[in-house]
Amino acid sequence: MPKNTHIRIGRGQQNQVILNHEQIAEEHLELFADHEGNVFITDLGSVQGTKVNGMPLRGFKELRNNDEVILGGKVKFNWKKYQINDVQPTPKVNTAMPFESKPEIPKQIKGKVVSANLEVESRQLYLIYGGILLLILIIYLIN
């Protein structure tokens, strides 16, 4: 997987990797390789979900060599073939903030246009802002 790349995986024809299985959502998950060659995984809100080492995936997770990824509870996904083999990861200075800047995203992967997925982040922001507005409303009604 080239550095700074998103790859969408799912049953739909718009994905870069198409897995035709009933347990796989139209847009099931996304792999991302950062500028150091580390591979991260994000479930895109699939109904059947994604598990990493038997644990449900929430948000995103950096994948390690021995990690096992299961899609929809039944489909074992070989994510390692999308890993960069020629890059030695450099030690992270600040492990609490793995992304210090937005990486450049290539325009195409094998003829397909690549776009960043902001859907998960947007959904989380709506929940946060909604919670804040609800708290403000409760405080206003109490006073």
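The values are calculated or read from the model by the stated rules, or taken from the named source; none is laboratory data. Every value quoted in this text rests on a predicted model; they were computed, and no experiment measured them. Neighbour counts run over all protein chains shown; Cβ positions are idealised from the backbone, glycine included. Keep in mind that these areas ignore ligands, DNA and RNA; they rest on the heavy atoms of the full protein, side chains included. Shrake-Rupley method; radii C 1.70, N 1.55, O 1.52, S 1.80 Å.
Under the condition of being open to solvent by less than 30 Å² (accessible area, probe 1.4 Å) and charged (D, E, K, R), which residue from the stretch 1-43 is nearest to L71 (Cα to Cα)?
D43
Where residues in the stretch 12-47 are of a type in the set (D, E) and assigned to a loop (DSSP other than H, G, I, E, B), which of them is farthest from the chain's Cα centre (by Cα)?
Only one residue fits best here, namely E22.
With respect to the numbered conditions (1) aliphatic (A, V, I, L, M); (2) within 13 Å of F77 (Cα to Cα); (3) in a loop (DSSP other than H, G, I, E, B), which one is the sole condition not fulfilled by I9?
(3)
Out of the stretch 26-44, which residues are among the hydrophobic types (A, V, I, L, M, F, W, C) and out of contact with any Asp or Glu (no Cβ under 9 Å at 6 or more places or on another chain)?
L31, F32, A33
Given the criteria under 25 Å from Q124 (Cα atoms) and open to solvent by less than 60 Å² (accessible area, probe 1.4 Å), does V69 qualify?
The answer is yes for V69.
Please specify each residue of the stretch 61-72 satisfying the condition of being in a loop (DSSP other than H, G, I, E, B) and of a type in the set (K, R). Before you say what the answer is, go through the steps one by one.
So the first thing to find is which residues in the stretch 61-72 are in a loop (DSSP other than H, G, I, E, B), and the list is 63-68, 72.
Of everything in the stretch 61-72, just one residue is in a loop (DSSP other than H, G, I, E, B) and of a type in the set (K, R), namely R64.
Do we have any residue at all in the stretch 51-60 that's open to solvent by 30 Å² or more (accessible area, probe 1.4 Å), part of a loop (DSSP other than H, G, I, E, B) and modelled with pLDDT of 90 or more?
yes
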